[in-house]
Amino acid sequence: MELIHREGLARIAKFETAHGVIETPTILPVINPNLVVVTPNEMRELGSQGVITNSYIIRRNPGLREHAEKYGLHSLLDFDGPIMTDSGTFQSYVYGDMEYENLEIVEFQKKIGSDISTILDIFSRPDDSYEQARQAVLETYRRVGEVTDPGNTIIAGPIQGSVYPDLRRLSAEKMGNSVAGYLPIGGVVPLLESYNYDTLVEIIINAKLNAHFGKPAHLFGGGHPMFMAMAVLLGIDVFDSASYVKYARDNRLLFPDGTRDLKKMSYFPSWSPLYDKYTVKELTDSSPEERTRALSMHNLYTMFMELSEIKERIYEQTLWQYVEAKSRSHPYLFKAFLKILENSDLLVPHEDLYRKSPYYSYDHYSDKSPSIGRIKKFTRDFISGSGKDSVILPRESWKPGRLDRKIIRDVYEKLDVNMLIQWENRLIPVELEETYPVEQILTSSIEEGSVYSDALMEAKLLSGKKGIYAYSPDMKELDSFPVKSRKFDLEKIRTISDFQFGRNSGIQMFPDGVEIIKSRSTERIRNILLDGKILATMRAHDGFFTLTTEGAKRLLSIVEYPKLRVKVTDDSAEYNAKGLNVFFKFITDFDPDIIAMNETLVVNEKDELIAVGRSTVSGKEIGHYRKGVAIKVHHSIEGHV
Ligand code: GUN
């Protein structure tokens, strides 16, 4: 996979097949070779980049088999784009019979020229016993091991394991490290059909986080547009689905947020291909063949429309908001969204340092999103590790972009206390007032303070023997706090450094002698200099630092190996020293805790600084990618070519 854009686990990426590149997220519509309702070329016009068909059905039918063996799969379907084939696992799950062996069916797929060939995995049902599901996982893994030479095809190795989290993890780890270059999540059709999205969410998280970020993740059978955005948010790249035609045969229409029955409808939406052609009555009265085809076209159109929306959302980095809003369209989706929030901590390591777009806060559920997970943890450590009393500022003393300077002058700069602002239902160190997402928030404010007592309770617990006080100008405790003369701006840049580069980095990065330059028009901090050289620039849009080579050198001397670094081959170092980006394939070692979009140091084999840039992915993912840019270099020791 080569990454193009990302938002956490969601990504726009591309991968190559023998018949062309596929850009994800996308859906491969199912073609039944016995009964083609919409041809692959017509599907291409609707937005399809490839299709999926079933090699088992082809092999069992003498006519289809002969054509495929003689002229190839692409001739059989009259399509020159990527074609994935399934193996017959699903048929054996539904009908119970299977006359072919695994290797036999894989060899057949290779022979007819399939671009992505699926092994004969064992379908594990949601109601399987633990032992049955474990056997399915182990046998499926044994079968992928039988494939020694994928040849010109990509092997799809399904992740099974039913509803058991540890079995999904086991299957994901084994498949991720196998010869399979493509990872479908299998055994989920019964869950999709019963709208059991919350169980599905757990399965996707367990599979995705433990498999392999460099390989496409596919959700077998997951083609309903109402669930696609949520699945993509959790890292699904490809869907396949026969639902467009199955629903059409049932006189049902897919919509981005649900399904409608033709019989109960009065109007077609103007975006639908049905709109110009039929009234509801005309379509209802048409022949079953015409109706199935027309409804199939509508259903495919809806799927691709939803996928374009999802892609645009990833590009804008607003997919989370889209899913949060969309989850309110159906109670089962909402339940699944709550399951994502329950697993929020698992998603935090994959969160980017900041987003292009503001953080939307609707209500207290928004407080649980992974994009504020990092700042929550930082605040916990900040309070518990400081050994200081804390003072909470009144709500009116801070709003995005506006901080009551008098309190800063009169209290902060005279006393040695933590100062916290009330941000939604959280408490946040005042020094982080400008960093994403604190300032970059759009909020309904409807629940301001409603569950704030939880945050207060937590702060009290964390502060141990020290106190937590609500500020008022005449509070009697002001006289008992330790006195300290300090500058807010200096403390602020140190705290941001602690957040971005690790605890206690700030005081070393920015010693007492630094010069802080502010913008004349906005009075915001712009540059930090030491001995006349710029170390860092504070970005206006997200409040984080961009380091210069001077700053990067200083950081390198502070943080222990391999923190905040990628190490590259000496060949690569030569180019990176001139300002060229770092490619994944030249990285020989890295910090597994790198935060996506954070400043990252590029060092050579001797751990000497070569360049500094922004990591495109997190340290959890970096080792999996082979193609594309890992670090976008912005400063380097020999300048830019
Ligand atoms: N189609 C739907 N579910 C599955 C599955 O678990 N395995 C395979 N091979 N195909 C499927």
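Please indicate, with yes or no, whether at least one residue in segment 248-265 is surrounded by fewer than 24 Cβ atoms within 10 Å (Cβ to Cβ), assigned to a loop (DSSP other than H, G, I, E, B) and modelled with pLDDT under 95.
yes
Examine segment 218-228 for a residue that is more than 15 Å from the ligand (Cβ to nearest atom), crowded, with 23+ Cβ neighbours inside 10 Å and either over 16 Å from the mean Cα position of the chain (by Cα) or over 23 Å from P370 (Cβ atoms) (or both), and state whether such a residue exists.
yes
Can you tell me which residue in segment 78-88 is nearest to G221 (Cα to Cα), limited to those that are surrounded by 15 or more Cβ atoms within 10 Å (Cβ to Cβ) and away from the ligand (no atom under 16 Å from the Cβ)? Write out each step before concluding.
Within segment 78-88, the first condition is being surrounded by 15 or more Cβ atoms within 10 Å (Cβ to Cβ), and the residues that meet it are 79, 81-88.
Narrowing further to those that are away from the ligand (no atom under 16 Å from the Cβ): 79, 81-82.
Details: F79: 22, G81: 21, P82: 18 Å.
For segment 78-88, the residue satisfying everything is P82.
Does segment 162-173 hold any residues that are under 22 Å from the mean Cα position of the chain (by Cα), more than 12 Å from the ligand (Cβ to nearest atom) and under 15 Å from I122 (Cβ atoms), and which are they?
Answer for segment 162-173, where residues must be under 22 Å from the mean Cα position of the chain (by Cα), more than 12 Å from the ligand (Cβ to nearest atom) and under 15 Å from I122 (Cβ atoms): R168, L170.
Only one residue in K326, K335 is modelled with pLDDT of 95 or more, buried (at least 19 other Cβ atoms within 10 Å of the Cβ) and either more than 30 Å from P40 (Cβ to Cβ) or charged (D, E, K, R) (or both), so which one is that? Let's see the steps before the verdict.
Numbers: K335 fails: buried (at least 19 other Cβ atoms within 10 Å of the Cβ).
Going through K326, K335 in turn, the sole match is K326.
Looking only at segment 191-211, count every residue that is assigned to a helix (DSSP H, G or I) and of a type in the set (S, T, N, Q) and tell me the total. Spell out how you get there, then give the answer.
Step one: of segment 191-211, the residues assigned to a helix (DSSP H, G or I) are 191-193, 197-210.
Subset that is of a type in the set (S, T, N, Q): 199, 206, 210.
Looking only at that region, the number is 3.
Against the conditions (1) under 18 Å from E101 (Cβ atoms); (2) of a type in the set (G, A, S); (3) without any contact (Cβ under 8 Å) to a residue 12 or more places away in the chain, where does S129 fall short? Just the number, please.
(1)
Taking the condition of being part of a loop (DSSP other than H, G, I, E, B) and under 35 Å from the mean Cα position of the chain (by Cα), how many residues in segment 444-503 meet it? Break it down into steps so the answer makes sense when it comes.
Narrowing segment 444-503 to residues part of a loop (DSSP other than H, G, I, E, B): 444-451, 463-467, 471-475, 480-482, 484-487, 502-503.
Those still in the list that are under 35 Å from the mean Cα position of the chain (by Cα) too: 444-451, 463, 502-503.
Here the count works out to 11.
One line per residue, one yes/no per condition, for (1) free of Cβ contacts under 8 Å to residues at least 40 places away in the same chain; (2) aromatic (F, W, Y); (3) surrounded by fewer than 18 Cβ atoms within 10 Å (Cβ to Cβ); (4) under 30 Å from K632 (Cβ atoms):
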position: M1; (1), (2), (3), (4): no, no, no, yes
position: H5; (1), (2), (3), (4): no, no, yes, yes
position: L73; (1), (2), (3), (4): no, no, no, no
position: L76; (1), (2), (3), (4): no, no, no, no
position: F90; (1), (2), (3), (4): no, yes, no, no
position: E101; (1), (2), (3), (4): yes, no, yes, no
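Here are S194, S243: which of them is closer than 30 Å to N343 by Cβ, crowded, with 23+ Cβ neighbours inside 10 Å and polar (S, T, N, Q)? Steps first, answer last, please.
Numbers: S194 fails: crowded, with 23+ Cβ neighbours inside 10 Å.
Step by step, each of S194, S243 is checked, and only S243 is closer than 30 Å to N343 by Cβ, crowded, with 23+ Cβ neighbours inside 10 Å and polar (S, T, N, Q).
Tell me, yes or no, whether segment 58-69 has at least one residue that is outside any helix (DSSP H, G or I), modelled with pLDDT of 95 or more and polar (S, T, N, Q).
Just the residues of segment 58-69 that are outside any helix (DSSP H, G or I), to begin with: 61.
Then drop every residue that is not modelled with pLDDT of 95 or more, which leaves 61.
Subsequent filtering for residues that are polar (S, T, N, Q) retains 61.
Checked segment 58-69: at least one residue is outside any helix (DSSP H, G or I), modelled with pLDDT of 95 or more and polar (S, T, N, Q).
Just to be sure before I move on: is L138 more than 28 Å from the chain's Cα centre (by Cα) and within 15 Å of the ligand (Cβ to nearest atom) in the structure I sent?
no
Among I159, I119, I155, which is the only one that is over 26 Å from the mean Cα position of the chain (by Cα), of a type in the set (A, V, I, L, M), within 15 Å of the ligand (Cβ to nearest atom) and at pLDDT 95 or above?
Details: I159 fails: over 26 Å from the mean Cα position of the chain (by Cα); I155 fails: over 26 Å from the mean Cα position of the chain (by Cα).
Going through I159, I119, I155 in turn, the sole match is I119.
The values are calculated or read from the model by the stated rules, or taken from the named source; none is laboratory data. If you're wondering where the values come from, they're calculated on a predicted model, not measured in any experiment. Because the Cβ atoms are built from the backbone with ideal geometry, glycine has one as well, and the counts that use them run over all protein chains shown.
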